[in-house]
Amino acid sequence: MVNGMIKRRQGKSRYLEKSEIRRIIDFQKGNKLHGVRNICILTTLSLTGCRIGELCSLSIGDVINDDGTIKERWVLRKENTKSKKSHTLYINPILQASVTAYMNQRKERGERLLPSKPLFISQMHGRFTPKSLQITVKIMCKKVGLDEMVSTHSFRRSLITNLFRSGVDVKTVSTLVNHSNIYITDGYIQQDE
């Protein structure tokens, strides 16, 4: 501690409590214009732990089957991952429901959901860039009073920590989040103080 404040390594995003993630998501329920999209973005970040660039690279065809159902596994192409290896995200029913709600909203607004279109549409009606999505998520977090150390990477760190705390071994967690080794994963785990 320095001057009564917890000293954090510069650039390291902080762990988010489950209640903080819930608060960010719940606040978006009042956002008539982008709330459904924002909830889907936040749910994707918190339940998959994917990196911001990976999230921005997702297209509708990556997540929706030909029959309109949401895929249970989303494959990130190697050119869109940090490791330059393809990677699979495992999708649970909560995230499937969130994506379904967002796709239904886009259809209701008259959009044709072509496989090549971005999964997440920015305010400029195109694909988010990692920078623009980072800013969007930071604004969402700030609106509920969370500090500057919160970023999109906080959701990744929180998922890794929560999986480990729930009894998933570090090797399995490392594989799930596409880390090259367990030492990187271990550095993400929030230690209780």
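Inter-label distance, ASP192 to SER86: 4.1 nm, where each label sits 7 Å from its Cα along the C-beta direction. Basic side chains Lys and Arg get +1 at the Cβ, acidic Asp and Glu get -1 at the Cβ, and with that the dipole of region 10-130 about its Cα centre reaches some 360 debye.
Springs join every pair of Cα atoms under 10 Å in this Gaussian network model of the chain, and among ASN104, ASN38, ASN162 the largest mean-square fluctuation is at ASN104. The stretch between VAL144 and LYS78, if pulled fully straight at 0.36 nm per residue, gains 20.2 nm over its current Cα-Cα span. Helix 93-108 and the long axis of the chain differ in direction by around 40°, with both axes built from C-alpha atoms.
Computed per residue of the chain from DSSP H runs no shorter than four, each worth -39500 (n - 2.57), the mean residue ellipticity at 222 nm is -14500 deg cm²/dmol. With 0.36 nm allotted per residue and the present C-alpha distance subtracted, the LYS18-GLN123 stretch has 35.0 nm of extension available. Based on the Stokes-Einstein relation at 10 °C and a viscosity of 1.306 mPa s, and on the Kirkwood radius from alpha carbon pairs, the chain is assigned a translational diffusion coefficient of 91 µm²/s.
Could you check what % of the DSSP bridge pairs in the chain are antiparallel, to the nearest 5? Before the final figure, lay out the partial values.
Details: 8 of 8 bridges.
Here the antiparallel bridges make up roughly 100 percent for the chain.
Excluding same-chain neighbours fewer than eight residues apart, the aspartates and glutamates reachable from LYS29 by a Cα-Cα span under 17 Å are GLU20.
Considering only SER46, SER116, SER59, the Gaussian network model of the chain with Cα springs below 10 Å gives its largest mean-square fluctuation to SER116.
Just so you know, all these numbers are worked out from the coordinates, no wet-lab data involved. Keep in mind it's a predicted model, so treat the numbers as computed, not measured. Ideal geometry is used to build each Cβ from the backbone, glycine not excepted, and the neighbour counts take in all protein chains shown.
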